[in-house]
Amino acid sequence: MLSAPATKTFASCAAALLLAAIAVLASLGPAEAETPDETFKSLGLTRSATPKELYDALTKRYYDPAQGAGKGSLSQYWQPIPITKYLDPRDFYAPPQGIEMDARREQCVECHEQTTPGWAHSWRASVHGNLEEIRNLSDKDSRAYKKGLIADVEANLRSMGLLKAGEPLKEVGCIDCHMGVGKEHGQHKTELKMPDAAACGQCHLQQFAERESERDTAVWPQGQRGVGRCFNQHHHAVALFHVQDSGPRHIKPQVPIGRQDLSWKLLVSLGDQHTTGAVAKG
Ligand code: HEC
Ligand code: HEC
Ligand code: HEC
């Protein structure tokens, strides 16, 4: 047991440390916390760039054929394999032609509860489908830090003009990933997409920036290749979260209609966004 004055000293030391930690955290903006200096430099930005400025610069480079985007100069000599459309959906994904409908946001879930119940179910159990549950967590809960992450996402969207001031992000619905963030409706036959890293990066700007920073920081030991070479040739769209998303996720094989070609093994190695971070299990 500590004596009363000792407890008091201990408590004020702890409070001082906590305040110092908060001060350090607060001095780092949401978007740039761990994005290396090299990336700001090569994008021609400073750390005071707004989330929108950082996102626009990253996306411009991400889609620039001169910097590795696109099918590549040898594309006439090879055929994409099924997984290619997930790795580089912008160049290789085309929506199925079976459904012709201008679907509203809420209709996506309604119909998919019937047509692809597995995908709808795992989305419902994910953080994306349960933002309100996260917001209502007690501060003592070990997942309470996610409240701050939601606020970061909202700040990014506000900076990009996708969310009004003071308005909370209600949900991350099917349409936000599969058509565009904030869209209210869209034509299934033509507007459906598989999300790429830039699509996730509108909300998860810091993770997108960190992922993209490999181009600026990956150096070969004897300088055999230029900075970032090798890394910038890849388009790991769904592997955006290769670090955060690497925990065990007991996902079931789900072979969606018309997609029997995608094996369970591929789904597991890709990481199924629908099952990331089931809220209930923390
Ligand atoms: C009336 C029912 C219905 C509605 C509403 C609907 N879908 Fe679908 N969706 C389907 C069916 C059926 C398929 C399978 C089509 C196929 O494979 O030919 C499908 C396929 C998909 C796929 C998989 C595409 C692929 O390449 O395999 C995604 C993603 C999807 N829908 C998203 C959405 C989104 C987002 C919305 C809302 C904007 C939506 N759907 C609204 C019935 C619906
Ligand atoms: C956070 C972004 C995100 C949200 C939200 C989301 N999806 Fe997806 N979806 C993906 C990604 C990424 C893939 C591709 C690979 C994977 O994760 O397995 C995908 C794949 C799919 C597929 C399989 C298509 C194929 O070609 O294999 C279907 C069907 C689908 N989603 C339907 C839905 C429905 C229905 C909803 C809403 C209930 C939804 N998605 C919400 C990101 C999302
Ligand atoms: C419309 C905004 C939005 C989009 C688009 C979006 N997310 Fe999220 N995502 C969120 C929010 C909000 C959270 C909760 C706060 C947090 O963890 O950042 C979240 C949480 C996550 C988490 C953490 C889950 C957990 O267990 O806490 C992962 C992983 C993730 N998203 C991956 C993705 C990927 C991959 C994509 C693209 C395929 C994507 N997100 C697209 C808003 C979005």
Matching residues in the stretch 173-187 - criterion: being touching a residue at least 40 places away in the same chain (Cβ under 8 Å) and of a type in the set (A, V, I, L, M)
ILE175
For residues in the stretch 95-142 being surrounded by 11 or more Cβ atoms within 10 Å (Cβ to Cβ) and small (Gly, Ala, Ser), which is nearest to ligand 1 (Cβ to nearest atom)?
ALA103
Of (1) at negative phi; (2) more than 15 Å from the chain's Cα centre (by Cα), GLY161 fails just (1)
Taking SER142 and the conditions (1) within 16 Å of ligand 3 (Cβ to nearest atom); (2) polar (S, T, N, Q); (3) in a helix (DSSP H, G or I), which numbered condition does it fall short on, given that it satisfies the others?
(3)
Unmet criterion (only one of (1) touching a residue at least 24 places away in the same chain (Cβ under 8 Å); (2) not in a loop (DSSP other than H, G, I, E, B)) for LEU149
(1)
Matching residues in the stretch 143-170 (of a type in the set (Asp, Glu) and surrounded by 15 or more Cβ atoms within 10 Å (Cβ to Cβ)) number 2
Quickly run through the stretch 152-187 and pick out the residues that are assigned to a helix (DSSP H, G or I) and over 19 Å from SER126 (Cα atoms).
ALA155, ASN156, LEU157, ARG158, SER159
Of the residues in the stretch 188-225, those that are out of contact with any Ser or Thr (no Cβ under 8 Å at 6 or more places or on another chain), in contact (Cβ under 8 Å) with a residue 12 or more places away in the chain, more than 16 Å from ligand 2 (Cβ to nearest atom) and not in a helix (DSSP H, G or I) come to ALA218
Restricting to the stretch 71-88, name every residue that is crowded, with 16+ Cβ neighbours inside 10 Å and either modelled with pLDDT of 95 or more or away from ligand 3 (no atom under 16 Å from the Cβ) (or both).
THR84
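The values are calculated or read from the model by the stated rules, or taken from the named source; none is laboratory data. These numbers were taken from a predicted model, which means no experiment stands behind them. Methodologically, a virtual Cβ is constructed for each residue, glycine included, from the backbone with ideal geometry; neighbour enumeration extends over all protein chains shown.
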